[in-house]
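The values are calculated or read from the model by the stated rules, or taken from the named source; none is laboratory data. As the structure is a prediction and not an experimental result, all values here were calculated from the model. Using ideal geometry, Cβ is built from the backbone for each residue, glycine included, and neighbour counts are taken over all protein chains shown.
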Amino acid sequence: MSNRLATSIGSLALKNPIIAGSGEATMTEAAIRAALAAGVGAVMSKSTNEAEGAKKQLDHTDYMLLDSRWKPIPWSRDAPVDAQLFCRSGLVQEDFDVWVEKLARLDKEAEKMGSYVIGHIILNDVEKCAQMAERMQEAGLRAITVLVAAVHGDQAAKGAIAMIRDPQGIRDVVGTLRRRIKVPLWIKLPGQTEDVSLLAAAARDAGADAVNFIDRTLAMVPDLATRAPYLGTIAAIGGTWSLPIACRWLAQTRKRLGPDYPLIGTNGVRDGYDVARMLLSGAHAVEMTSAVMLHGTDVLRSSIEQLDGYLAEQGVTVKQIIGEAADKLTAYTDQPVRPGLWKQFVHPEAVDPVVK
Ligand SMILES: Cc1cc2nc3c(=O)[nH]c(=O)nc-3n(C[C@H](O)[C@H](O)[C@H](O)COP(=O)(O)O)c2cc1C
């Protein structure tokens with residue numbers, strides 16, 4: 001592949017900006033190896049933490065695909081690109097020491113391929129999280145991500161997942177972790193908050209080397225046939241529609257933090273063109289999770305090729321397009337004045353009363 005794909009997240013140079021995102025498809029050794037073999041810039045391992053409740057949650061998972069009219073569709077590699085994934089997930093059940101040794105071995109393999117396997121923790125107890133991150137660092141992992149408010153946290157067992165969604169809370173947690181962790185520390189942020197860019201600023205100010213966002217959204221989908229909620233619970237949802245929302249936050253965060261602070265985009269990316277869309281919005285690298293669960297690692301391979309083709313066609317590199325569209329955003333008031341344009345959008349049967 002060409003070096004027009006190269007990017008960096010702070011001190012880490014990535015051969016391309018495509019990251020296999022944290023999820024079921026990065027929870028086994030074989031799955032992580034398959035993602036590395038597909039040529040990704042990095043793999044985000046499935047998250048772990050110390051809480052028994054979070055591990056047990058993995059036995060309560062359920063997954064379904066919905067079409068754009070909320071009808072269930074079969075789980076298949078041929079599912080339409082706009083299929084929405086509605087599901088509950090849980091965390092790694094494997095003994096933490098065994099898991100960390102496995103990740104460290106895989107990261108060594110990744111290094112030989114010019115890639116990375118990133119350690120991933122979902123915050124619960126801050127001290128325990130710091131100890132786990134230290135253990136990952138000692139084992140040799142070269143970067144660690146901590147998700148501070150996982151989407152399932154509100155629904156999971158009590159004491160399994162912390163929900164830090166305010167700037168001061170994020171400053172405190174990241175400050176504690178930063179004092180203990182020397183390797184690059186990336187902080188994953190929730191989407192369900194008033195202003196993601198404020199959380200990103202808090203993470204940066206407390207010493208995070210990069211931020212990734214946005215996590216998925218909690219939802220409830222009623223089934224018309226049974227008149228009950230699909231999957232029986234509130235659960236997380238994502239689809240192609242998530243992409244523009246993530247892009248908006250990438251652009252607004254770039255505006256707040258400046259062009260150099262590394263942002264990692266996630267949510268709604270289904271192919272190499274979507275990766276380009278996130279890069280144009282300000283992402284320095286981009287994660288793909290649902291697409292890999294559904295279509296396997298071929299989608300990583302084809303996305304790298306699509307992105308490379310797009311860049312060649314446009315005559316640009318990844319580094320040149322990061323934030324290009326975001327920087328062209330204007331204010332409503334900067335747009336041309338078009339008096340009366342709105343009248344075209346009143347439906348035709350709305351007729352003004354005849355004035356006698
Ligand atoms: C089944 C499933 C499990 C996930 N598990 C994790 C996780 O353990 N840790 C994490 O940070 N994100 C997790 N995520 C979130 C994804 O990494 C990603 O941010 C999100 O799915 C949006 O991106 P996508 O549209 O590419 O799937 C999970 C997502 C799914 C669908």
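Tell me which residues, restricted to the stretch 125-149, are in a loop (DSSP other than H, G, I, E, B) and either in contact with a strand residue (DSSP E or B) (Cβ under 6 Å, 6 or more places away or on another chain) or within 13 Å of the ligand (Cβ to nearest atom) (or both). 141, 143, 148, listed by residue number. Step by step: first the residues of the stretch 8-58, then only those that are in a strand (DSSP E or B) and within 15 Å of the ligand (Cβ to nearest atom), then the one that is farthest from residue 86 (Cα to Cα). Which residue is that? Looking at the filtered set, the residue picked out is 42. Considering only residues in the stretch 91-118 that are within 14 Å of the ligand (Cβ to nearest atom) and either of a type outside the set (A, V, I, L, M) or modelled with pLDDT under 95 (or both), the one that is nearest to residue 233 (Cα to Cα) turns out to be 91. Of everything listed in (1) surrounded by fewer than 17 Cβ atoms within 10 Å (Cβ to Cβ); (2) at positive phi; (3) free of Cβ contacts under 8 Å to residues at least 60 places away in the same chain; (4) among the small types (Gly, Ala, Ser), the single unmet condition for residue 296 is (3).
Total residues in the stretch 214-230 satisfying the condition of being assigned to a loop (DSSP other than H, G, I, E, B) and either within 15 Å of the ligand (Cβ to nearest atom) or aliphatic (A, V, I, L, M) (or both): the figure is 7. Note on the stretch 63-90: residues that are near the ligand (Cβ under 10 Å from one of its atoms) and closer than 17 Å to residue 223 by Cβ total 6.
For the residues 286, 275, 269, the requirement of being within 12 Å of residue 16 (Cβ to Cβ), in contact (Cβ under 8 Å) with a residue 24 or more places away in the chain and within 10 Å of the ligand (Cβ to nearest atom) singles out 286. Condition check: away from the ligand (no atom under 15 Å from the Cβ) and within 30 Å of residue 205 (Cβ to Cβ). Does residue 259 satisfy that? When the stated conditions are applied, residue 259 passes them.
The numbered conditions (1) among the polar types (S, T, N, Q); (2) under 20 Å from residue 9 (Cα atoms); (3) within 16 Å of the ligand (Cβ to nearest atom) are all true for residue 306 except (2). As a summary of the residue check, residue 178 satisfies the conditions (1) under 30 Å from residue 79 (Cα atoms); (2) among the charged types (D, E, K, R); (3) more than 21 Å from the chain's Cα centre (by Cα) except for the one numbered (1). Given the criterion under 16 Å from residue 51 (Cβ atoms) and assigned to a helix (DSSP H, G or I), identify the matching residue among 152, 120. The unique qualifying residue is 152.
Conditions tested, residue by residue: (1) modelled with pLDDT of 95 or more; (2) more than 30 Å from residue 8 (Cβ to Cβ).
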{"residue": "153", "(1), (2)": "no, yes"}
{"residue": "159", "(1), (2)": "no, yes"}
{"residue": "184", "(1), (2)": "yes, no"}
{"residue": "191", "(1), (2)": "no, no"}
{"residue": "197", "(1), (2)": "yes, no"}
{"residue": "201", "(1), (2)": "yes, no"}
{"residue": "206", "(1), (2)": "yes, no"}
{"residue": "224", "(1), (2)": "yes, yes"}
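Does residue 121 satisfy being modelled with pLDDT of 95 or more and under 21 Å from the mean Cα position of the chain (by Cα)? It is true that residue 121 is modelled with pLDDT of 95 or more and under 21 Å from the mean Cα position of the chain (by Cα).
Would you confirm, using the coordinates I've provided, whether residue 280 is touching a residue at least 40 places away in the same chain (Cβ under 8 Å) and either in contact with an Asp or Glu (Cβ under 8 Å, 6 or more places away or on another chain) or surrounded by 24 or more Cβ atoms within 10 Å (Cβ to Cβ) (or both)? When the stated conditions are applied, residue 280 passes them. For residue 321, the stated conditions hold: it is farther than 15 Å from residue 269 by Cβ and among the β-branched types (Val, Ile, Thr).
Of the listed requirements (1) of a type outside the set (A, V, I, L, M); (2) surrounded by 13 or more Cβ atoms within 10 Å (Cβ to Cβ); (3) within 24 Å of residue 188 (Cα to Cα); (4) modelled with pLDDT of 95 or more, residue 72 misses just one: (3). Just wondering, is there one or more residues in the stretch 69-84 that are under 20 Å from the mean Cα position of the chain (by Cα) and either of a type in the set (Phe, Trp, Tyr) or more than 20 Å from residue 266 (Cα to Cα) (or both)? No, the conditions are met nowhere in the stretch 69-84.
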